[in-house]
Amino acid sequence: MNMMMPRPLSQIRPYTPPAGEPGFGVYIHWPFCASKCPYCDFNSHVRHQPVDQARFVEAFRREIASQGRRTKGEIVTSIFLGGGTPSLMEPATVSAILEAVAAQWTVADGAEITLEANPTSVEADRFRGYRAAGVNRVSLGVQALNDADLKRLGRMHDVDQAMGAIRLAREIFPRLSFDLIYARPGQSVSEWERELSEAISLAADHLSLYQLTIEEGTIFHALHKAGKLVVPDGELSAELYEATQQLTLFHGLPAYEISNHAAPGAESRHNLTYWRYGLYAGIGPGAHARLPGEDGARHAVSNEKHPETWLKMVEDWDSGEVEDEALESYQQADELMLMGLRLVEGIDLKRWRKLAGRDIDPAVEAELTGHGMIERLGPDRLRATPTGMLVLDAVVADLA
């Protein structure tokens, strides 16, 4: 590990990637997992009988067509197959889904097509099948690089499997990202620095580094409430976050979003669509979308979460939607700020003012600036500082 003198978080000057257009993304949700992780509150389900993939493919086709009718003329800049565990899908299933997207929309040349995978479901033939289907980026759910913590996190793979999956992905796919969870029970800053340094040595051009959060309804939540699971306190969590920013910046993978780090130019195109508040389709059980409506407003659309219920709804009505809400301009302004301030590039204040119908409160801005929480990048761009990122929810609440 390269040693360096630690600096206070307030002195870290983040790399600022050039701001760009949001693009239009298509999210596909595969809701099935081999097991449910104790920290996970995503819409994932375990089935002990084989899933009828052909039937789900036909439902995906029908919902893709339904949302496609609402977004005529959009050019797809990214497709993301998430879950759940999409690497449980057969390559033929992935190929059929991508063909359905291409039949409904124009897919841009060089569009980013990402598939999430778990190391336990990685096989060379399967990975090569995904690549042949058009997947050009894989995101691996590694989560930890020691076996004890992998077991504690409920992961079904060990470190050797994770390493093998990373090597295989680097061989087959043009782009690779993998996830790690830190601020785990009993984890010290020095332990995390060693683990993160190892991860950086394995990474190609992108890492997603998430602090462990205790989500209601999970096994970890019940254990934490009972005092059987102790996670780092606020001060230690801040030290772990600071160490993360320093190490990734030092090694050429600076943060471009609060939890995501990339070599310049290797940022996740699909996730940038969300954070830059672009439009996107959401296909599958529990998927969310932001779509235009006939009323001219942006609509928040969400689907039925239960897989088999969603399946029957789509077979009957071509859609699994359970909510379709027209967002008022001020609601869009709040969402733009909530998403955009996660980014190191910040938000375009001209766009925000147009939606909000007002300026940022100068007194609130002055107070937050004085405390080192936000800063201007020119007259019409505002961002949270590294210090502000630590309390981003509070910063957004004050500004919005």
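The values are calculated or read from the model by the stated rules, or taken from the named source; none is laboratory data. All figures in this text were calculated on a predicted structure; none of them were measured in a lab. Backbone-built Cβ (ideal geometry, glycine too); neighbour counts: all protein chains shown. SASA here: full protein model, heavy atoms, side chains in, ligands and nucleic acids out. Shrake-Rupley method; radii C 1.70, N 1.55, O 1.52, S 1.80 Å.
The set of residues in region 48-61 that are within 14 Å of Leu88 (Cβ to Cβ), modelled with pLDDT of 95 or more and open to solvent by 50 Å² or more (accessible area, probe 1.4 Å) contains only Asp52.
Scoring Gly320 on the criteria (1) open to solvent by less than 70 Å² (accessible area, probe 1.4 Å); (2) touching a residue at least 60 places away in the same chain (Cβ under 8 Å); (3) closer than 30 Å to Glu239 by Cα leaves a single failure, condition (3). You will find that of Tyr210, Tyr182, the residue that is among the hydroxyl-bearing types (Ser, Thr, Tyr) and open to solvent by 20 Å² or more (accessible area, probe 1.4 Å) is Tyr210 and no other.
Per the listing Ala263, Ala255, the residue uniquely surrounded by 18 or more Cβ atoms within 10 Å (Cβ to Cβ) and not acidic (Asp, Glu) is Ala255. Taking region 150-160 as the range and being open to solvent by 20 Å² or more (accessible area, probe 1.4 Å) and touching a residue at least 24 places away in the same chain (Cβ under 8 Å) as the test, the residues that pass are Arg152, Gly154, Arg155, Met156.
Answer yes or no as to whether Thr120 is under 15 Å from Met156 (Cα atoms) and open to solvent by 50 Å² or more (accessible area, probe 1.4 Å). Spelling it out, Thr120 is indeed under 15 Å from Met156 (Cα atoms) and open to solvent by 50 Å² or more (accessible area, probe 1.4 Å). Annotation note: Cβ proximity below 8 Å between a residue of region 223-250 that is assigned by the TED database to the domain that holds Trp192 and open to solvent by less than 80 Å² (accessible area, probe 1.4 Å) and a residue that is assigned to a helix (DSSP H, G or I) and at pLDDT below 85 (sequence gap 6+ or interchain) occurs for Leu229/Phe220; Leu229/Leu223; Val231/His224; Ala238/Leu9; Tyr241/Leu9; Glu242/Leu9; Gln245/Leu9. In this entry, Ala297 is excluded by the filter for residues that are among the small types (Gly, Ala, Ser), modelled with pLDDT of 95 or more and touching a strand residue (DSSP E or B) at 6+ places or on another chain (Cβ under 6 Å). The condition of being buried (at least 20 other Cβ atoms within 10 Å of the Cβ), in the same structural domain as Lys36 (by the TED database) and among the polar types (S, T, N, Q) holds for only one of Ser95, Ser139, that being Ser139. Of the residues contained in region 279-296, none is found to be under 18 Å from the mean Cα position of the chain (by Cα), part of a loop (DSSP other than H, G, I, E, B) and farther than 30 Å from Arg55 by Cα. Of the candidates Val107, Val94, the single residue that is in a strand (DSSP E or B), farther than 30 Å from Leu229 by Cβ and modelled with pLDDT of 95 or more is Val107. Being β-branched (Val, Ile, Thr) and open to solvent by 30 Å² or more (accessible area, probe 1.4 Å) is the filter here; which residues of region 344-367 pass it? Within region 344-367, just Val364 meets the criteria.
Evaluating Met163 against the criteria (1) surrounded by 18 or more Cβ atoms within 10 Å (Cβ to Cβ); (2) out of contact with any strand residue (DSSP E or B) (no Cβ under 7 Å at 6 or more places or on another chain) leaves one unmet condition, (1). Annotation note: Cβ proximity below 6 Å between a residue of region 294-310 that is not assigned by the TED database to the domain that holds Val46 and a residue that is open to solvent by 60 Å² or more (accessible area, probe 1.4 Å) (sequence gap 6+ or interchain) occurs for His299/Asp324; Ala300/Glu325; Val301/Asp324; Ser302/His288; Ser302/Glu323; Glu304/Val322. Only one entry of Ile64, Ile75 meets the criterion of being among the β-branched types (Val, Ile, Thr) and buried (at least 18 other Cβ atoms within 10 Å of the Cβ), and that entry is Ile64.
One residue alone among Ile172, Ile166 is under 24 Å from Arg194 (Cβ atoms), more than 18 Å from the chain's Cα centre (by Cα) and of a type in the set (A, V, I, L, M), and that residue is Ile166.
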